[in-house]
1. Among the listed residues D:G148, D:G125, which satisfies the condition of being farther than 21 Å from D:M81 by Cα, modelled with pLDDT under 90 and not charged (D, E, K, R)?
2. Go through the residues of the stretch D:40-59 one by one and say whether even a single one is in contact (Cβ under 8 Å) with a residue 24 or more places away in the chain, farther than 30 Å from D:A178 by Cβ and either assigned to a helix (DSSP H, G or I) or not hydroxyl-bearing (S, T, Y) (or both).
3. Give the number of residues within the stretch D:252-270 that are within 10 Å of chain C (Cβ to nearest Cβ) and free of Cβ contacts under 8 Å to residues at least 12 places away in the same chain.
4. Can you name the helices (runs of 4 or more DSSP H) wholly within the stretch B:41-127 that have at least 3 residues being surrounded by fewer than 21 Cβ atoms within 10 Å (Cβ to Cβ)?
5. Looking at B:Q202 and the list (1) farther than 30 Å from A:S226 by Cα; (2) of a type in the set (S, T, N, Q); (3) under 23 Å from the mean Cα position of the chain (by Cα), which single condition is not satisfied?
6. B:G132 fails exactly one of the following numbered conditions: (1) within 33 Å of the chain's Cα centre (by Cα); (2) more than 11 Å from chain C (Cβ to nearest Cβ); (3) more than 28 Å from A:Q167 (Cα to Cα). What is the number of that condition?
7. What number of residues within the stretch A:111-155 are over 30 Å from C:I122 (Cβ atoms), of a type outside the set (S, T, Y) and buried (at least 17 other Cβ atoms within 10 Å of the Cβ)?
8. Does A:S158 satisfy the condition of being among the hydroxyl-bearing types (S, T, Y) and buried (at least 24 other Cβ atoms within 10 Å of the Cβ)?
Amino acid sequence: MSIIVEGRILQLVFLLGYSLLILYGINRSVNQGKVPNIRQPAAIAAIEEHVGRAVEMGRPVLFQTGIGDVSSNAGATHMAMLGVLDYTAKLAANKEAKFICTTPSPTLYPMAEEIIRNSFLTEGKPDLFTDDTIQFLSNQQMSYCSAVMHLMKRENISLNIQIGFFQAENLITLEAAKDSGAVNIGGAVRTLRIPGMAFGCDYFLMGEEVFAAGAFCSRDPLRLGSLLGQDLCKLAAIIVILLGFVLVAAGSDFLVNLLTI
Amino acid sequence: MAMDAFVGEALTVLFIILAYSYLIKDNIGFQFVQATYVGFGVGHSLVMVVKYFSENTFPSITSGNILLVVPLLVGLLLFGRLVKGYLWLYRYPLAILVGVGLGLQLRGMLKANLIDQIISTMNVNLSATVDGFNSIIIFIFVLVSMNYFFFTYRGRQGSGTIGSIQNLLMKSGQYVLMGAFGAGFAAAFLSRLAVFMGIIEQVVTFFGLI
Amino acid sequence: MSDLFRSSRIPLILIWVAVLIIFGDYFFGGVFNQAFSTLTVEWTVIIANIAIIVGGISILLRSIMVSRRSSVDIVERIMHGWQVVIAVFIFAIGTAFGTTSGTYNWLYTYILLPSWRTVYTIIIFFMATASYRAFRARSGPSFVMLICGILVLLRNAPIGMRIWPGFYSIGTWILDVVNMSGGRAIMIGSVVGAVSLLIRILLGKEKILGESE
Amino acid sequence: MSIIQRIGYRKIIYLLVLIFTVTPMIYPFGLPVEVSTQSNDLFNYIENLPAGSKVAINFAAFAGMYPDSQAATRAVLIHIMKRPLDIVLWHSGPDGPLLFDAEMEFVSVGDRVYGEDHVYLPYVGGGEATMAAIAENIRGVFSVDIDGTPIDNIPLMQNINRAEDFDLILVLADCGGATEWGVRQWNIAHGVSVGGTPCSISYPDLLPFWKTGSIIGMTNGVRGGGEYELLVKKPGPGLKNTDVMSSLHILFIVLIVVGNIGDFMKRSGGGS
């Protein structure tokens with residue numbers, strides 16, 4: 001019979017179709033220069049507003065990088081976090097707000113330091129980078145929590161940003177920030193981490209919004225292009241569902257059977 | 001109770017009290033417990049992996065499949081990550097792990113996460129039963145929630161009917177997703193609660209309260 | 001020549017080969033199946049288990065480094081030192097006496113289990129204080145989340161059914177319909193994200209193979 | 001309000017958590033549990049498996065989170081050991097072997113013969129790739145069983161090579177994705193049905209797989225344990241602690257509601 005294993009033909013069609021849509025998005029943005037513009041996510045707009053507020057109140061802004069787990073799918077979350085870090089550091093340097101970044105991760109520490117240094121440089125304010133701008137507190141989960149809680153109280157922070165790969169300790173730091181009167185802006189990709197983040201934050205990004213925010217902040221044509229491709233893939237899925245619904249309502253399960261050949 | 005069991009139970013209760021002393025203030029007792037479990041955990045996982053290799057892989061190399069030496073050697077290149085200047089060696093076995101890992105995950109997701117979910121969503125049963133009602137609700141909720149995750153369309157979403165329809169779909173998608181995460185919070189709480197009950201039960205039985 | 005090996009060009013080719021074998025086996029079977037079996041059964045299982053050893057040793061090496069650095073405060077240095085000592089001690093006992101021996105079982109049951117589970121459950125206390133202090137219904141959606149969270153809590157608690165039987169059916173409905181629909185939308189999105197990530201890796205655009213030297 | 005300010009709301013809430021946990025342990029009021037559809041499906045599927053069917057068990061327990069699915073895992077083990085099924089069990093977490101031995105003290109093996117009715121294979125790491133490798137060629141991954149006996153000498157393992165030789169795979173005590181690996185590498189790739197006792201943090205993410213049929217049934221953490229204990233009529237840790245579960249759930253709901261009302265009054269009253 002056909003060379004493709006029976007029952008998997010449509011899966012191959014979806015795989016190739018999705019790959020082409022994403023390549024189309026990337027090619028259109030990177031090679032043809034038509035970079036898609038995406039609306040500023042609400043949480044990123046909130047960062048801008050609250051960094052301004054921090055300057056007025058003379059209280060520092062805190063950015064946490066999250067745990068540096070090296071598993072392959074967390075890599076994409078780190079890239080998005082570093083994009084937001086770059087965006088926030090430039091904002092803080094531009095408005096001359098006191099900026100503090102804490103990390104429990106030895107792997108993320110050098111990457112974050114390099115990004116903050118460059119951001120301050122491009123904004124023409126390299127002297128803002130002091131030695132407590134980025135602090136490696138401890139790679140033990142709970143010791144990191146208590147260190148961050150003390151820092152929040154001591155520095156009397158007005159904004160706490162936690163967008164990235166976090167584990168259970170994010171609840172502790174969110175509550176400590178709320179306790180010291182700060183605004184929480186957070187983001188989590190994994191579904192088991194989103195409820196804690198959603199409950200504790202004033203503004204937050206859920207699931208793929210974290211990647212969209214990272215792409216928006218880094219303005220990298222490749223990521224923005226792949227976002228357009230991903231939207232087209234989701235649109236294709238919605239169209240197939242709608243088509244299937246109409247057929248099922250009309251009593252024919254042609255599409256349902258087609259999808260399983 | 002046998003002597004070593006009693007000493008063991010006493011030690012367990014001591015560890016529990018030391019650990020929960022963190023709630024009053026982060027202290028050396030707590031950090032000792034945390035360092036113990038991290039160190040013990042690493043030691044234990046190394047014991048178990050070495051046990052697997054010594055009983056399964058090495059015998060099958062010596063007894064028959066001599067070719068297994070090649071993946072073993074390639075695997076040892078992973079140690080390049082620990083030696084300054086040899087990071088490039090580490091990338092060869094890592095490439096295999098990344099390629100196999102993502103490949104296996106994606107090929108399974110195509111049916112489990114995509115096609116099966118699409119079929120189950122479109123397969124609405126229109127009978128006037130609770131099940132029928134639920135299947136229509138699920139159909140609407142899935143489409144609306146998917147609408148929340150459109151990023152590039154939102155760029156052109158200005159005024160006019162299309163813009164407001166899109167906004168309405170996205171807003172209602174947000175409501176469905178937030179309801180779903182409320183259920184997620186209850187699950188996360190239930191998960192830790194059971195472990196917590198076991199700990200408190202150990203302390204309570206040790207002091208003979210029940 | 002040596003910088004060809006140092007660059008990530010050949011590893012990228014390895015990723016291409018692995019992905020082609022895996023999808024080849026899944027969609028076409030036949031000759032791919034033998035390559036797939038060798039790749040997963042003989043290669044990946046061994047490399048993945050060696051990765052666990054490398055991961056464990058890198059944690060210990062980092063602890064040794066921290067415990068030797070004078071800028072770190074003394075308590076943390078001692079604790080990192082203790083971490084390495086107990087890891088080596090447990091490894092020695094485990095390989096010498098075997099994990100089914102009495103002493104190993106005793107150490108495991110009365111030292112590892114309580115210390116791991118207590119650190120894991122401390123979050124319950126913080127969930128309680130966060131419930132009181134941080135969980136706020138600020139907007140419409142977060143109000144819906146709070147209500148659904150409470151309704152599922154009432155469904156999971158056996159007492160919920162005693163207060164009002166409706167709590168069980170409403171909570172189950174939220175799990176089986178609302179949570180399932182939201183989860184399904186995220187699932188479909190995760191497939192799209194995985195395809196996009198794989199394509200960016202195959203194009204060599206993702207820094208997944210670590211920084212160059 | 002000065003007392004609360006002086007001691008601080010945190011310490012008071014910590015005390016409340018302790019009180020609401022210890023009291024129902026000392027004075028249990030014993031409430032039954034409703035059995036959910038998913039737990040029922042798992043029970044009926046195992047109950048209706050014809051005699052001599054082969055069941056693979058991936059014991060995926062991790063020391064820290066095991067108590068959450070321990071009650072359900074014990075109840076399923078009791079149930080499956082009673083039925084005339086051939087069982088091949090292996091471990092995907094380093095803590096598996098020790099936790100499994102401790103668990104089997106509560107499970108009677110009846111007149112089963114080791115090596116003919118059930119086999120325990122060792123721990124092997126490697127996550128989803130190893131799960132796929134076992135499905136492809138179990139003899140390539142394991143040369144010996146957990147006691148070191150070569151697989152070729154074990155009668156039960158004679159005609160077992162691939163996932164297709166099994167009728168069901170149970171992923172027990174999974175808290176980190178092992179059930180999803182089972183769905184992707186055993187159900188999708190080889191057509192074997194998946195059942196399991198996941199801990200409740202992974203339960204909501206697995207519901208869509210139950211809806212599409214890849215997962216035939218599953219329990220929901222400690223609450224599912226109580227439900228399955230009812231089904232196998234063997235009370236255990238699940239049913240014993242239902243009252244503590246209830247009291248702590250109520251405490252949490254009260255804290256959330258009081259926190260929000262307080263905040264609402266302060267905002268509308270003080271207008272801050």
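The values are calculated or read from the model by the stated rules, or taken from the named source; none is laboratory data. None of the values given here were measured: they were computed from a predicted structure. Counting neighbours? That spans all protein chains shown, and the Cβs are built from the backbone with ideal geometry, glycine included.
1. D:G148
2. Within the stretch D:40-59, none of the residues are in contact (Cβ under 8 Å) with a residue 24 or more places away in the chain, farther than 30 Å from D:A178 by Cβ and either assigned to a helix (DSSP H, G or I) or not hydroxyl-bearing (S, T, Y) (or both).
3. Number of matching residues: 12.
4. Because the criterion is at least 3 residues that are surrounded by fewer than 21 Cβ atoms within 10 Å (Cβ to Cβ), the helices (runs of 4 or more DSSP H) in the stretch B:41-127 that meet it are B:58-63, B:69-76, B:87-109.
5. Answer for B:Q202: the failing condition is (3).
6. Failed condition: (1).
7. Going through the stretch A:111-155 one residue at a time, the tally reaches 6.
8. It is true that A:S158 is among the hydroxyl-bearing types (S, T, Y) and buried (at least 24 other Cβ atoms within 10 Å of the Cβ).
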